[in-house]
Amino acid sequence: MDFSIKTFDSKNTPAQLKTGCIVVGVFENKKLSGTALAIDRKGDLSAAVKSGDISGKAGSSLLLRSTDGIGAERVLLLGLGKEESISGKDFSTAAQAAARVLATLGSPDAVLALPFDNVKERTLPWAIQCMVIAAREQAYRFDETKSKKDPAPTGVRKIAIAVDAAGGNAAKAAAAQAVAIANGMDLTKDLGNLAPNICTPTYLANTAKKLAKQFGLGVEVLDRKQLQALNMGSFLSVTNGSDEPPKFIVLKHMGGKAKDAPTVLVGKGITFDSGGISLKPGGGMDEMKYDMSGAGSVLGTFRAIAEMKLKLNVIGVIPACENMPSGRATKPGDIVTSMSGQTIEVLNTDAEGRLILCDALTYVERYKPDAVVDIATLTGACITALGHHNSGLFTRHDDAHDALADALLAAGKASGDTAWRMPIEDSYQEQLKSNFADMANIGGPPGGSITAACFLERFTRKYTWAHLDIAGTAWKSGAAKGATGRPVPLLTTFLVDRAQSAAGK
Ligand code: BES
Ligand code: MN
Ligand code: ZN
């Protein structure tokens with residue numbers, strides 16, 4: 001799919017424009033948007049609106065074919081909601097509706113002439129990003145493992161976005177950034193959707209190596225021997241029952257100044273979570289192939305920032321392994337020693353995410369990071385707490401951490417990939433008490449996503465840290481089963497913002 005930016009002038013008006021389809025807006029009050037009025041030469045558009053064939057509500061649409069006197073072969077009227085102020089939500093609903101219609105149109109190209117710079121509390125770049133990502137989401141297919149491929153996508157392949165000449169450069173930059181994010185999301189989705197016998201720790205490592213080669217990133221993959229030498233007893237205890245070798249992946253995008261402390265992303269890379277000896281129930285267990293979605297989102301975010309040539313130092317770290325039962329598997333009651341020296345009583349082998357992350361979080365101390373964000377499908381309890389709309393965001397509660405949390409929340413809001421902040425407090429820490437080790441790996445049913453975050457917190461005291469629990473947001477179940485590509489938009493936007501404030505310093 002190809003995106004470009006178009007500007008109109010007196011010699012090149014919306015009415016003259018030659019295109020398979022021009023997309024223009026109509027409001028709930030039955031009024032036409034500016035460009036819609038400009039191409040309503042013979043009154044076809046107003047007549048269509050008057051007829052009641054389109055309500056103007058956000059997401060409504062009507063395709064007109066024979067519109068006399070203009071260059072476009074078709075006009076797609078797109079409902080935008082309230083004229084006084086187009087809300088961000090309405091605009092994104094409309095963008096998704098437009099993407100759906102364009103995907104099945106008999107035209108290879110279309111021009112979107114919508115009020116991109118007139119969305120309440122949102123900027124032109126935001127509206128463009130919203131449109132581009134909606135179109136790319138619509139175009140996404142996963143048929144790598146089907147012998148009969150899905151039919152090749154038809155419909156519009158070339159989308160031009162029309163803006164005022166003044167906004168041309170900002171629009172171009174926004175479209176390029178949105179395409180990079182969409183490319184990152186596609187990679188994250190592909191990795192998540194791949195079967196767990198294909199997307200193994202080794203496959204993730206090879207994907208990182210490929211990315212590094214393609215974009216000139218630094219890459220390092222540590223194997224079991226090296227992990228043993230580092231004393232990663234907690235990580236290694238999770239991989240005991242599996243025949244797949246564990247991998248510890250490090251990716252480096254050093255786009256900032258050499259002396260600038262890096263921002264570090266740590267992604268949970270459990271390529272299949274059976275629960276181990278604390279075996280999960282059989283129903284829906286296939287979905288635990290998505291338990292590497294944190295890792296997938298780190299790789300997708302690197303794909304995006306590398307394409308953007310982001311001026312920021314970013315290091316990605318992925319502990320990757322399977323969680324399987326076997327005669328060699330870790331048992332409930334086993335005590336393991338983490339890289340930090342803290343001992344852990346494994347009371348439930350299904351609470352394995354924290355066991356691999358804690359060693360990765362200790363490992364990244366060596367980078368003297370500016371901030372560390374870990375991303376993990378960590379707890380079912382997070383789905384109970386927040387459902388499928390928000391990722392859970394956890395940090396300590398002091399000024400530095402409040403600032404990091406606010407930056408992540410803002411990036412979520414700006415990208416439509418939202419998170420919700422949850423508490424970390426000593427009273428929850430007490431639930432992790434063990435009679436036999438420094439801590440237990442579970443804190444009982446109450447506040448399960450919080451005690452999981454509290455566990456991680458104990459390994460992050462040397463730097464500023466945030467934890468994103470994406471158990472509810474990384475994939476969809478049921479008939480629409482598939483990875484969402486979240487939280488790549490949040491993470492990428494967060495890093496873009498960070499690069500901007502670093503440049504301003
Ligand atoms: N990967 C799961 C969390 C999960 C479950 C994510 C369902 C998405 C959907 C994690 O490893 C896990 O099993 N967590 C346990 C923790 C419990 C044993 C304390 C859980 O949430 O049940
Ligand atoms: Mn588990
Ligand atoms: Zn898991």
Beta bridges by DSSP in the chain, antiparallel share as percent, to the nearest 5: 40 percent
Sparse-neighbourhood loop sites, trypsin sites (Lys or Arg not before Pro) in the range 93-145 - DSSP loop, at most 16 other Cβ within 10 angstrom: K120, R141
Fully extended contour minus Cα-Cα distance, from N231 to K368, at 0.36 nm per residue: 47.3 nm
Cβ-Cβ FRET estimate between R157 and E121, R0 fixed at 25 Å, reported to 0.05: 0.20
Highest-first arrangement of 237-249, 392-404, where packing means the average Cβ count within 10 Å: 237-249, 392-404
Using a Förster distance of 25 Å, the FRET efficiency for H389-K311 (Cβ separation, nearest 0.05): 0.20
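I'd like the FRET efficiency for K148 and Q214, computed as 1/(1 + (r/R0)^6) with the beta carbon distance as r and R0 of 41 Å, rounded to 0.05.
The calculated FRET efficiency here is 0.90.
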Cα-based Rg of the range 2-163 normalised by 2.2 N^0.38 Å, two decimals: 1.02
R41 paired with E84, simple spin-label distance in nm, labels 7 Å along Cα-to-beta-carbon: 3.6 nm
The chain, dipole about Cα centre (Lys/Arg Cβ +1, Asp/Glu Cβ -1), debye to the nearest 20: 1360 debye
Highest average packing first - 167-178, 206-217, Cβ atoms within 10 Å: 167-178, 206-217
Simple spin-label estimate for E73 and A480 in nanometres, 7 Å along Cα-Cβ: 3.1 nm
Rounded if a/c under 1.5, otherwise prolate or oblate - the range 406-480, Cα gyration tensor axes: oblate
Volume of the Cα convex hull of the range 183-503, divided per residue and given in Å³: 118 Å³
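Readers should treat all values here as calculations from the given coordinates under stated rules, not as data from a laboratory. Just so it is clear, the model here is predicted, and its values are computed rather than measured. No Cβ is skipped: glycine too gets one built from the backbone with ideal geometry, and neighbour counts run over all protein chains shown.
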